[in-house]
Every structure is written in C-alpha cells, then in structure tokens.
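Reviewing the structure listed below.
Please treat every number below as a calculation from the coordinates, not as lab data. Values in this document were obtained by computation on a predicted structure and should not be read as measured data. Every residue, glycine as well, gets a Cβ built from its backbone with ideal geometry; the counts of neighbours run over all protein chains shown.
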Amino acid sequence: MAVPLTKSPSLDGPPVSYDTDLERIEIELLLEGVYRHYGFDFRAYAYASIRRRLWKRAEAEGLTSISQLQALVLHHPDAMERMLLDLSVSVTAMFRDPTFYQVFRDEVVPLLRTYPFIRIWHAGCSTGEEVYSTAILLEEEGLLDRARIYATDINDAVLRQAKAGIFPLNRMQEYTDNYIRAGGKRSFSEYYTAKYDGALFSPSLTRNVVFSQHNLVTDRSFSEFNVIFCRNVLIYFDRNLQQRVHALFYDSLVMFGILALGSKESLRFSQYEACYEKVHPREKLYRKVR
Amino acid sequence: MAYEIVVVGTSWGGLTALRELITGLPGALGVPVVVVQHRHRQSNHVMATLLQDETPLCVCEAEDKAPLEAGNVYVAPADYHLLVERGFLSLSTDEPVRFSRPSIDVTFRSAADAYGAHTVGVILTGANADGAEGLRRIVDRGGLAFVQLPATAESPAMPAAALDAVPQARVLTIEEIARAIAELPSPVERAS
C-alpha cells in the first residue's frame, strides 16, 4: 500500500485508502522510538484516541504518514515538544460535572474535617482547572490552610500554565454557571481579575499547592494521600495501564482515603474494585476500605 | 456478510426518533448498538433511562473501556467523544469537532476503522451535517448505511447531508430501518 500523497480533508485521520494494519505498525514503532529516545512512554495509551491525536499532529505538520511523523519527532526535539502537548493535554473545565463537586462538598468534606492535615493529589492535572476548583471549594469550607495539594502532570508546559493561573476569559460564563451548580458559596468573580482576554486567579488559592512533574506511567508513588483526584485521565490509557495506575493509587491512599474518578470512569473493570466502597451511588467517588 | 456493530447518529428530534427505532428492534439482537445524540454537556443519564423504558434490550450510558456486547445499547455520554475499538468502547475529552462533543463523525469513523465492512451506520433526524463524513467512511470500508427518509424526519438537514455524502445509502422510515437491522445477518445467528 502506497503512502497517500494528498492530505486528507478530514480533521482526524488518514484517507480510507490508508492501510489500517500498516498504520498500527507505524504507530507502535513511533511510540517505541519516542520511549527509547525521549523516555516518554505512550505505548500503553488507548489506541483509538492516541491515533486521533497523532494524526492531528501529523496534519498540523503537513505530513501524510505516521512514519514521516516518526522521523520528524525523533530528529527534531522541538517537534517532539509539540507532539507531547498534543498527546498529554487533557481538555477540562473548572467545576466540570458540577454535581460531582456538590457531592464532594456534602459527603467528602465532613470526612476531611476529621483530619488535622489533608494531603491531596491531583494526578494528571493538565492546565489546572480542577486544581483551582478544589482549592476554591476547600477555601470556602475553611480547609485550605490545613491542606496541601500536589498537582502533577507529565508535561512541564501545562504545569507552567497551571501555576500561572490564567484562564480564558471567554470560559468564565460557563465556569460561573458550573460553580453555582456545584454549590459555590460566594460570587465566582471574587476569585479572579479580568485582564485583556484572560482571567487571573488569586494567587492565594495556590498558597498550599505544589506543582510538580510526575509521570503516571513510569514514576512511583511519592507520598500517602487522603484524596486522589484523577478525572478523565485514565480514559486515555489502555486497560493494562489503567490497572497499573490503579495499583499506584491504591498504594498511595491512606486507609479510608478517597479516590475521585471522572463521571464515566469506574473501578468496575479493575481488580481493586473490592478494595473500595462507593461514597455516592452516582458520582465516581470511592473510599478505600481494605 | 455478518454485521458486528450498529452505530446510530442523530441530533435535533433524536429522542423521539431513537425511541421509535429502539422500540422496533427485537428483544434479542445479535449485535451491539451504539447511539450518539448531540445534547447539552450537563444533560445526564435520563436519555438512557427513557430509552430503557421502551425495550427489553439493556440500555446504558457508555463507560470508558466498557466491553461491547451483542444486544446492548450504548449511549454516548454528554460532553465526551465516544470511540469504538475492537470489542470495547473508549472515551475522550478532546476538543469538540465542529462544535459537537460527542461528535457523530468521530464515533462513526472509529467504528468503521475498527470493524470495517462489518459496520452498520444509521443517520436519523438532525439539524446539522455531523455524521455525513463518518457514514461515508463506513461505506468506503464496505459497511452498510441507512438514512432516515428526510421527509419523515423532524429535522431533515442531517439525513439530507448524509445522503449527499453517501448517495448509495438505503433511505427508509425509522420503522423500516429497525426491521432491516433486525434482519441483518449477525455473527451470533451465523454461529447458531
């Protein structure tokens, strides 16, 4: 099968003439090469979504095959940087799934009050929207000064963005709406200052936040936590990698610690299901009980 | 040709159309059905519940990595893209495609690429052109396409766009599409 010479008109993939078996080989070779050369391990990412993201990058670079993309990223670290952004950024929102935060406030906060000191891990925090959401919630519950939040991501560039605390102004209407539905107690605009097209969030929200690089695929546990947030990150991993990360989370939670997953993620297909009980029937909040 | 998966896309008017389609399906179906309907990002599981009321088939909102099982109806959750892999489903929060998440095109393309000629795509009522390109991909891979007769659609734009992209699609009423799906040769029937 010849490599197609014209660019696909589609936004996310090659033309139908592209051989899918060959494509799989190319993707595996690219990910193997990236791992061996740069140390970033995407080999156990969910195939359908990483494939979309690789093609998006290939098309943005004006390329028509994954092999071409492999040559580019292996020889040009700056191209690798760009691809790393595509592969590791998860798109999220402040107070995404407001009912989740409402239940967190109602059901989890009372548990957290019983601890003198609270350690929280936002694993795969991306650009930090949910870190700021948690910080706001804890601030309103009077718990932020008792808490330390570890916000980690594989990607340094998004961590810098998270640390800066500037979010697009045009999202504030949506976030305000989410905040209110999540049981917010103040006026959302108290937390940020609008400047040009950005909303700068109050630096005091991150006074107890530590931003640091951590790779869920290759790095070990680095502490024991009362709460671990990992929402809509595991969806990008295949089932084996999900199991490995669940082992990491289990080892990193104190007994009776809370694991918070995305609304369509579950422990149902995991061997750790029996180690947790549900905090709430609908929201994906689990408590480690054994 | 045995079919292994049915993917259905719809937007405006979709709930009524889906109820009719689901009601028309037999209680035992040899393939999984994956449904993508555009809806507000904060809408919840109510749609799956409403559809469940119409059928003995098991209707659920798709969870990440859920195995695809014959006779189950999987509804794409609001605010996620739903990707079909061979034997299971995957979710993604990547950017909306043409303002839609879930995007019908994304799901249809992934189904066509995972199941090739064993894929059946169905486009029902809707107010935009999402799904046309995905349906094209299904047919290009040798799969089967059904489009709701535009004159019978609450909003004919989506079926019409699908027909522009896939002129060879079978154009039927919802009732006829349900019957055609029921009569498709499926792997289960073939094995029995």
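Key figures for this structure:
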| item | result |
| --- | --- |
| Spacing of the two label points (7 Å from each Cα toward its C-beta) at A:ARG186 and A:ASN215, in nm | 3.9 nm |
| Inter-centroid distance (Cα atoms) of segment A:219-283 relative to segment B:98-120, Å | 29 Å |
| For segment B:5-184, convex hull volume per residue from C-alpha positions, Å³ | 91 Å³ |
| Amide proton proximity set for A:THR127, modelled H, under 5 Å, gap of 5+ | A:SER90 |
| Order of A:VAL91, A:VAL158 - criterion: other Cβ atoms within 10 Å of each residue's Cβ, fewest first | A:VAL91, A:VAL158 |
| Test item: Cα-centred dipole of segment A:39-86, Lys/Arg +1 and Asp/Glu -1 on Cβ, debye | 240 debye |
| Residue-by-residue Karplus 3J(HN,Hα) for segment B:127-138, coefficients 6.51, -1.76, 1.60, Hz, glycine and proline x | 9, 9, 9, 4, x, 4, 5, x, 5, 4, 5, 4 |
| Estimated inter-spin distance, A:LEU200 and A:ASP177, nm [label 7 Å along Cα→Cβ] | 2.8 nm |
| Per-residue Cβ neighbour rank within 10 angstrom, fewest leading, A:SER49, A:SER133, A:SER67 | A:SER67, A:SER49, A:SER133 |
| Degrees, to the nearest 10: A:47-60 long Cα axis against longest axis of chain A | 70 degrees |
| Per-residue ³J(HN,Hα) for segment A:144-159, Karplus 6.51 cos²θ - 1.76 cosθ + 1.60, θ = phi - 60°, Hz, x for Gly and Pro | 5, 6, 9, 10, 10, 10, 9, 10, 10, 8, 5, 10, 4, 5, 6, 5 |
| Rounded, prolate or oblate (a/c below 1.5 giving rounded, otherwise prolate when a/b exceeds b/c) for segment A:20-88 by Cα gyration tensor | rounded |
| Shielding of B:85-96 by partner chains, average beta-carbon count, 10 Å | 6 |
| Low-density loop positions, chymotrypsin sites (Phe, Trp or Tyr not before Pro), segment A:61-169 - DSSP coil, at most 13 other Cβ in 10 Å | A:PHE117 |
| Dipole-positive endmost among B:ILE123, A:ALA135, A:ILE180 within the protein assembly as shown (Cβ charges, Cα centre) | A:ALA135 |
| Per-selection metrics, the protein assembly as shown (Cα): Rg and Dmax in Å | 22.9, 68 |
| Pairwise label distance in nanometres, B:PHE99 with B:ALA180, each label 7 Å out on the Cα-Cβ vector | 2.9 nm |
| Positive dipole terminus of segment B:5-184, leading residue within B:ALA151, B:ILE22, B:PRO56 (C-beta point charges) | B:ALA151 |
| For segment B:105-192, alpha-carbon Rg relative to the globular expectation (2.2 N^0.38 Å, N residues) | 1.06 |
| Under DSSP loop assignment and at most 12 Cβ neighbours within 10 Å, longest GluC sites (Glu not before Pro)-free interval of chain B | B:70-182 |
| Dipole moment magnitude, nearest 20 debye, segment A:168-218 about Cα centre, only Lys, Arg, Asp, Glu C-beta charged | 160 debye |
| Farthest positive-ward along chain A dipole, Cα basis, beta-carbon charges - from A:ILE258, A:GLN271, A:HIS246 | A:ILE258 |
| Within the protein assembly as shown, helix-based [θ] at 222 nm, where runs of 4 or more DSSP H residues each add -39,500 (n - 2.57), nearest 500 | -10500 deg cm²/dmol |
| Karplus-derived 3J(HN,Hα), 6.51/-1.76/1.60, for each residue of segment A:171-188, Hz, glycine and proline x | 8, 5, 4, 4, 5, 4, 4, 4, 4, 5, 5, 7, x, x, 9, 10, 8, 4 |
| About the Cα centre, charge dipole magnitude for the protein assembly as shown (Lys/Arg +1, Asp/Glu -1 at Cβ), debye | 980 debye |
| Computed over segment A:184-283, Kirkwood Rh from alpha-carbon pairs, angstrom | 16.1 Å |
| Relative contact order computed over segment A:164-228 (Cα-Cα under 8 Å; 6+ residues apart), in percent | 35 percent |
| Built amide H within the under 5 Å cut-off of A:HIS122, gap 5+ | A:TYR150, A:ALA151, A:THR152, A:PHE229 |
